[in-house]
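Shown next, in structure tokens, is the structure this report addresses.
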There are 2 protein chains.
Amino acid sequence: MFPWPEPGQKLSEIVTPMPVIDEDRLAANIARAQAYLSAHGKAFRPHIKTHKIAAVARAQIAAGAVGLNCQKLTEAEAFADAGFGDILVTYNILGPARLARLRALNERVGRLTVIADSDTTVEGYARAFAGAAKPLAVLIECDTGAGRVGVQSPEAAVALAERIAARPGLRFDGLLTYPPVGGAEAVESFLTRTMTLLAARGIGCPVRSNGGSPDLWKAHLVPSATEHRAGTYVYNDRSMVRAGECTQADLAMHVLATVVSRPTPTRAVLDAGSKALTSDLLGFSDHGEIEELPGARVVSLSEEHAVVDLSSCTGALPGVGDVVRVIPNHTCVISNLFDRMVFHRGGVVTRVEDLAARGTVW
Amino acid sequence: MFPWPEPGQKLSEIVTPMPVIDEDRLAANIARAQAYLSAHGKAFRPHIKTHKIAAVARAQIAAGAVGLNCQKLTEAEAFADAGFGDILVTYNILGPARLARLRALNERVGRLTVIADSDTTVEGYARAFAGAAKPLAVLIECDTGAGRVGVQSPEAAVALAERIAARPGLRFDGLLTYPPVGGAEAVESFLTRTMTLLAARGIGCPVRSNGGSPDLWKAHLVPSATEHRAGTYVYNDRSMVRAGECTQADLAMHVLATVVSRPTPTRAVLDAGSKALTSDLLGFSDHGEIEELPGARVVSLSEEHAVVDLSSCTGALPGVGDVVRVIPNHTCVISNLFDRMVFHRGGVVTRVEDLAARGTVW
């Protein structure tokens with residue numbers, strides 16, 4: 001029912017609010033990250049959570065990526081359906097229903113890897129893969145300071161590795177971490193200490209997977225990592241500009257929005273609310289920047305409205321009906337709100353891609 | 001592909017994270033609000049943004065609601081498709097593509113109403129409905145203190161009403177506002193002053209539409225309002241409990257989540273992140289409460305993880321694999337993340353409803 005844009009249509013004619021992707025910036029972001037990681041001898045494993053689009057993943061693989069990173073089973077299943085043969089799911093997968101799907105997935109994906117950070121997770125994998133012809137490859141997630149999931153010490157990692165190595169349906173493949181920004185030294189220390197302990201027990205550790213877009217360009221500061229994972233780099237966003245990881249000219253995603261009201265001389269209201277931009281702040285005090293309105297602040301979002309304070313805007317003030325380009329705080333969550341994504345070059349729609357594994361859960 | 005729950009299945013067996021709706025609480029919420037507004041002689045127009053489900057809207061109409069409130073054209077089109085005959089779209093609708101859809105919609109919905117707060121919006125409606133056999137009903141949105149959209153004074157409302165009344169394709173039907181919490185007095189003052197000015201010019205003002213769940217039970221404090229609009233009341237959420245508008249026993253929505261990691265004695269990690277709960281804070285400093293873990297704080301969300309601080313938890317601490325029920329800060333935005341919604345009674349799935357008009361834009 002909804003009139004999605006079509007190739008050839010001008011961006012100025014499409015219904016807003018709508019996230020749009022600049023083809024040239026997307027291609028440049030993919031190429032630049034791959035060149036950097038290749039130059040440093042790291043395998044690159046892009047996280048598809050940011051785009052959820054098979055065609056974008058194919059471009060990442062074509063550029064040299066070794067495989068994909070997914071965050072949930074539905075994502076992995078969708079990208080397996082699309083033909084990808086090397087998928088890492090960076091999540092503790094629990095419960096009989098999901099474990100049965102995981103075993104089925106392992107049989108049709110050339111190289112499938114999951115993570116574990118507890119005995120409970122490992123025992124679930126072991127039960128689900130008892131008697132499996134093809135073992136499940138497992139990495140141990142290590143908490144190197146981010147304070148999310150992960151074992152807390154190299155000793156705990158070794159104990160869990162021994163548990164995995166002892167189970168016939170499982171294969172211990174190595175270590176993984178998602179560090180905090182600036183965490184290179186802590187990661188290197190955790191990895192090398194764990195590798196030393198593992199080697200002393202005769203346990204190989206071929207994969208050491210590090211991750212994160214905010215420190216993508218510091219991946220070479222973790223020499224013992226064999227691969228790096230990153231998602232946001234493909235589109236970039238306001239948080240990546242703030243982190244110094246890209247410039248405004250590298251932002252591949254904008255959210256087109258229409259000025260629907262100008263209630264006062266200093267207030268504009270856009271049709272992009274939290275159901276288009278999400279309410280992710282990522283440490284900002286406002287909800288994005290607007291290319292056409294420098295100095296304007298997106299001070300609040302309701303579900304279908306953004307309230308913009310124009311009192312410090314240094315550009316020409318907008319009128320009702322004007323279309324502007326919002327630089328979102330965080331791109332990854334915006335992909336999750338739309339069934340399709342619009343791509344363009346020079347203001348003309350090039351393609352409209354379906355998004356996989358959104359609107360579902362796990 | 002995703003294995004959605006089926007009627008008869010136990011909630012304890014379904015894949016998480018998953019929002020679920022308690023049938024009895026839902027029915028009680030619908031009945032209670034309708035009884036209150038009927039007792040005070042107000043028409044009730046529920047906002048479907050909270051649920052986006054035709055069956056829930058039918059229950060609201062069956063209870064006595066006069067019609068529906070939608071926030072965008074895709075919602076109105078979906079509920080027109082589902083057979084609803086009285087729809088109010090509380091939005092400035094702009095641009096030739098949307099206006100053409102609006103005219104088509106007006107021809108198939110018995111009573112369709114939109115709002116305007118500027119000359120530009122009114123001129124767009126007038127151009128689109130020039131020569132229309134059935135005029136478009138327009139309310140003027142008034143800013144009574146919320147600081148979002150709306151004309152800023154009764155005088156401005158009157159000037160715009162005259163403009164609407166002068167255009168042959170349009171019909172001025174009255175006034176609308178979405179006030180801030182505690183705004184009853186300001187709303188009553190704005191409405192009565194405007195009605196007096198309109199009456200002096202011989203302009204009728206049959207509809208005076210007030211709105212908001214946070215002040216639903218104070219709707220009677222605005223005597224001149226003829227109708228009230230509310231969305232969140234149907235499910236309720238943590239923000240409604242804080243506002244004193246409902247109790248914990250009136251919460252119809254929980255988000256089921258699995259404990260996927262217990263990295264430290266005081267930390268649990270759930271599989272419900274910002275892609276399941278959204279990052280809406282609504283003034284809270286954390287991301288929901290957990291029924292089973294009193295005192296626990298959901299301190300941060302990443303896309304697929306919630307980090308829970310258990311250090312002040314007064315209940316039994318959870319283990320990996322345990323399923324808990326999260327009380328979300330804000331229900332309306334959660335409906336927007338899922339393709340379907342699961343309903344239950346006594347822990348058993350009763351039905352799984354499709355959601356309309358999500359994953360699309362405007």
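Suppose we keep only residues that are under 22 Å from A:Asp271 (Cα atoms) and away from chain A (no Cβ under 13 Å) within the range B:83-109. Which one would you say is surrounded by the fewest Cβ atoms within 10 Å (Cβ to Cβ)? Steps first, please.
Just the residues of the range B:83-109 that are under 22 Å from A:Asp271 (Cα atoms), to begin with: B:87-106.
Going one step further and asking which of them are away from chain A (no Cβ under 13 Å), we end up with B:87-88, B:103, B:106.
Details: B:Ile87: 24, B:Leu88: 27, B:Arg103: 18, B:Asn106: 24.
Once the filter is applied, the top-ranked residue is B:Arg103.
Checking the condition closer than 19 Å to A:Pro3 by Cβ and among the hydrophobic types (A, V, I, L, M, F, W, C), which residue from B:Ala126, B:Ala63, B:Ala132, B:Ala78 passes?
Of B:Ala126, B:Ala63, B:Ala132, B:Ala78, the one residue that is closer than 19 Å to A:Pro3 by Cβ and among the hydrophobic types (A, V, I, L, M, F, W, C) is B:Ala78.
Let's see how each residue does on (1) under 27 Å from A:Ala186 (Cα atoms); (2) within 10 Å of chain B (Cβ to nearest Cβ); (3) surrounded by 24 or more Cβ atoms within 10 Å (Cβ to Cβ); (4) in contact with a strand residue (DSSP E or B) (Cβ under 9 Å, 6 or more places away or on another chain):
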| site | (1), (2), (3), (4) |
| --- | --- |
| A:Pro223 | yes, no, no, no |
| A:Gly231 | yes, yes, no, yes |
| A:Gln248 | no, no, no, yes |
| A:Met253 | no, no, yes, yes |
| A:Thr264 | no, yes, no, no |
| A:Asp271 | no, yes, yes, yes |
| A:Ala276 | no, yes, yes, yes |
| A:Phe284 | yes, no, no, no |
| A:Ile290 | no, no, yes, yes |
- Which one is farthest from the other protein chains (Cβ to nearest Cβ) among residues in the range B:136-156 that are within 25 Å of the chain's Cα centre (by Cα) and more than 23 Å from B:Asp215 (Cα to Cα)? B:Ala137
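Let's see how each residue does on (1) out of contact with any Pro (no Cβ under 9 Å at 6 or more places or on another chain); (2) of a type in the set (Gly, Ala, Ser); (3) within 30 Å of B:Val320 (Cα to Cα):
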site: B:Leu11; (1), (2), (3): no, no, yes
site: B:Met18; (1), (2), (3): no, no, yes
site: B:Leu26; (1), (2), (3): yes, no, no
site: B:Phe44; (1), (2), (3): yes, no, no
site: B:Glu75; (1), (2), (3): yes, no, no
site: B:Gly85; (1), (2), (3): yes, yes, no
- Reported set for the range B:268-301 where residues are out of contact with any helix residue (DSSP H, G or I) (no Cβ under 7 Å at 6 or more places or on another chain) and either among the charged types (D, E, K, R) or under 22 Å from A:Glu75 (Cα atoms) (or both) is B:Val269, B:Leu270, B:Asp271, B:Ala272, B:Gly273, B:Ala276, B:Ser279, B:Asp286, B:Glu291, B:Glu292, B:Arg297
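Can you tell me which residues in the range B:217-244 are more than 30 Å from A:Ile93 (Cβ to Cβ) and touching a Pro at 6+ places or on another chain (Cβ under 6 Å)? Don't jump to the end; show me each part of the working.
Of the range B:217-244, the ones more than 30 Å from A:Ile93 (Cβ to Cβ) are B:217-234, B:236, B:239-244.
Correct list: B:Ala243 only.
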- Out of all the residues in the range B:332-362, which are under 16 Å from A:Glu304 (Cβ atoms) and among the polar types (S, T, N, Q)? B:Ser335, B:Asn336, B:Thr360
- Mind telling me which of the residues A:Gln9, A:Gln34 ends up being at pLDDT 95 or above, under 30 Å from B:Glu77 (Cβ atoms) and among the polar types (S, T, N, Q)? A:Gln9
- Query: Can you spot a residue in the range B:119-135 that is within 11 Å of chain A (Cβ to nearest Cβ), out of contact with any helix residue (DSSP H, G or I) (no Cβ under 6 Å at 6 or more places or on another chain), without any contact (Cβ under 8 Å) to a residue 60 or more places away in the chain and not β-branched (Val, Ile, Thr)?
  - Reply: yes
- Could we say that A:Asp280 is at the interface with chain B (Cβ under 10 Å from one of its Cβ atoms) and within 20 Å of A:Asn336 (Cα to Cα) here? yes
- Message: What are the pairs with Cβ atoms under 7 angstrom where one residue, in the range B:250-261, is under 15 Å from B:Val15 (Cβ atoms) and assigned by TED's automatic domain parsing to the domain that holds B:Phe343 and the other, located anywhere, is among the small types (Gly, Ala, Ser) and in a helix (DSSP H, G or I)? Sequence gap at least six, or different chains.
- Response: B:Val255/B:Ala276
- Item | Selection from the range B:292-308 of residues that are farther than 26 Å from A:Lys49 by Cα and either modelled with pLDDT under 95 or surrounded by fewer than 18 Cβ atoms within 10 Å (Cβ to Cβ) (or both) | B:Glu292, B:Pro294, B:Gly295
- Task: Would you point out which residue out of B:Ala97, B:Ala104, B:Ala63, B:Ala78 is without any contact (Cβ under 8 Å) to a residue 24 or more places away in the chain and more than 20 Å from B:Ala133 (Cβ to Cβ)?
- Result: B:Ala97
- Reported set for the range B:310-349 where residues are hydroxyl-bearing (Ser, Thr, Tyr) and surrounded by fewer than 16 Cβ atoms within 10 Å (Cβ to Cβ) is B:Ser311, B:Ser312, B:Thr314
- Looking at this structure, is A:Ala31 outside any loop (DSSP other than H, G, I, E, B) and free of Cβ contacts under 8 Å to residues at least 12 places away in the same chain? no
- Quick count over the range B:292-311, residues being over 30 Å from the mean Cα position of the chain (by Cα) and either within 11 Å of chain A (Cβ to nearest Cβ) or not in a loop (DSSP other than H, G, I, E, B) (or both), is 1
- Item | Sole residue being under 30 Å from B:His305 (Cβ atoms) and of a type in the set (A, V, I, L, M, F, W, C), chosen from B:Val20, B:Val89 | B:Val20
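Please go through the range A:132-155 and pick out each residue that is of a type in the set (Gly, Ala, Ser) and closer than 18 Å to A:Tyr91 by Cα. Steps first, please.
So in the range A:132-155, the residues of a type in the set (Gly, Ala, Ser) come out as A:132-133, A:137, A:145-147, A:150, A:153.
Within the range A:132-155, A:Ala137, A:Gly145, A:Ala146, A:Gly147, A:Gly150 meet the criteria.
Tell me, yes or no, whether the range A:183-205 has at least one residue that is within 14 Å of chain B (Cβ to nearest Cβ) and part of a loop (DSSP other than H, G, I, E, B). Steps first, answer last, please.
Applying the first criterion (within 14 Å of chain B (Cβ to nearest Cβ)) to the range A:183-205 yields A:190.
Applying the additional criterion that residues be part of a loop (DSSP other than H, G, I, E, B) yields none.
Checked the range A:183-205: no residue is within 14 Å of chain B (Cβ to nearest Cβ) and part of a loop (DSSP other than H, G, I, E, B).
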- Which is within 30 Å of B:Leu73 (Cβ to Cβ), surrounded by 19 or more Cβ atoms within 10 Å (Cβ to Cβ) and outside the structural domain of A:Val320 (by TED's automatic domain parsing), of A:His47, A:His51? A:His51
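Just checking, how many residues over the range B:153-182 are basic (Lys, Arg) and in a strand (DSSP E or B)? Before the answer, list the steps.
Within the range B:153-182, the subset basic (Lys, Arg) is B:163, B:167, B:171.
With in a strand (DSSP E or B) added as a condition, the list becomes B:171.
Total satisfying the criteria: 1.
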- Task: All but one of (1) more than 14 Å from B:Ala230 (Cα to Cα); (2) within 22 Å of the chain's Cα centre (by Cα); (3) crowded, with 18+ Cβ neighbours inside 10 Å hold for B:Asp24, so report the exception by its number.
- Result: (3)
- Item | Every residue from the range B:312-349 that is touching a Pro at 6+ places or on another chain (Cβ under 6 Å) and either within 12 Å of chain A (Cβ to nearest Cβ) or not aliphatic (A, V, I, L, M) (or both) | B:Thr314, B:Gly315, B:Ile334, B:Val342
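With crowded, with 23+ Cβ neighbours inside 10 Å, of a type outside the set (S, T, N, Q) and within 14 Å of another protein chain (Cβ to nearest Cβ) as the only criterion, which of A:Leu73, A:Leu68 stands out? Lay out the reasoning, then the answer.
Working: A:Leu68 fails: within 14 Å of another protein chain (Cβ to nearest Cβ).
Selected residue: A:Leu73, the only one of A:Leu73, A:Leu68 that is crowded, with 23+ Cβ neighbours inside 10 Å, of a type outside the set (S, T, N, Q) and within 14 Å of another protein chain (Cβ to nearest Cβ).
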- Query: Which residues, taken from the range A:245-291, are more than 20 Å from A:His51 (Cβ to Cβ), of a type in the set (Gly, Ala, Ser) and part of a loop (DSSP other than H, G, I, E, B)?
  - Reply: A:Gly273, A:Ser279, A:Gly283, A:Ser285
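The values are calculated or read from the model by the stated rules, or taken from the named source; none is laboratory data. In this text, all values refer to a predicted model and were calculated from it rather than measured experimentally. Using ideal geometry, Cβ is built from the backbone for each residue, glycine included, and neighbour counts are taken over all protein chains shown.
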